[in-house]
Amino acid sequence: MLLVSLYPKEGMAQGLTVSVGQATASAGSTVCVPVHIIGMRRMLSMQYSVKWDSKVLELVDIKNFRLPGMTKENFGMNQAAQGILTTLWLDNSIKGVDLPNGTPMYQLCFRVKGKAGTSSVVQILQKPTPFEAINKFEQFVQMSGVSGKVTVR
């Protein structure tokens with residue numbers, strides 16, 4: 001996993017990184033990749049988009065939630081067939097959530113449609129849903145994504 005060094009911009013709190021894991025799977029199988037969080041300190045909310053190659057992968061499930069209050073309802077699925085998933089999470093307790101660096105927040109499970117030798121990058125992007133992360137002190141937190149990859153064997 002590649003870790004990104006983050007430097008806070010003026011008016012922003014320390015950074016938050018969402019990082020997708022790596023996997024190798026056979027064509028026709030189902031594979032799950034974890035989505036990890038780094039820098040989760042007293043967070044109240046975050047939003048972002050996830051993108052993959054829909055010719056290689058088909059989203060079939062989102063599971064194993066580790067963020068308080070996170071469920072499948074936190075994900076916009078209307079563009080999943082095109083390889084786009086939007087994400088919005090809020091801490092309903094309004095106390096702020098801490099998680100150890102590298103904690104898997106959830107897993108994305110895909111049916112592998114691609115042929116052997118193909119792959120798909122799974123990216124954390126700010127389009128169509130822009131990056132936004134806010135901590136308990138109502139400060140915007142700089143946010144970035146680290147891509148993962150599913151390789152078809």
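Brief remarks follow.
- Cross-linked pairs Lys95/Lys149; Lys51/Lys95; Lys55/Lys127: Cα-Cα separations exceed 26 Å for Lys95/Lys149; Lys51/Lys95.
- In region 15-148, the DSSP beta bridges split such that about 90 percent are antiparallel, to the nearest 5.
- Two-decimal log10 I(q)/I(0) for region 64-111, as the Debye equation yields it once each C-alpha is a single scatterer, q = 0.20, 0.25, 0.28 Å⁻¹: -0.78, -1.06, -1.18
- Working note: Cα atoms of the chain, range along each principal axis, descending, whole Å: 48, 30, 26.
- The aspartates and glutamates within cross-link reach of Lys72, meaning a Cα-to-Cα straight distance under 14 Å and a gap of 8 or more places when in the same chain, are Asp61.
- Reachable aspartates and glutamates, given that their alpha-carbon falls under 20 Å from the alpha-carbon of Lys136 and they are not under 8 places away in the same chain: Glu10, Asp91, Asp98
Laboratory data are not the source of any read-out in this text; all were calculated from the coordinates shown. Given the structure is predicted, the values throughout are model-derived calculations rather than measurements.
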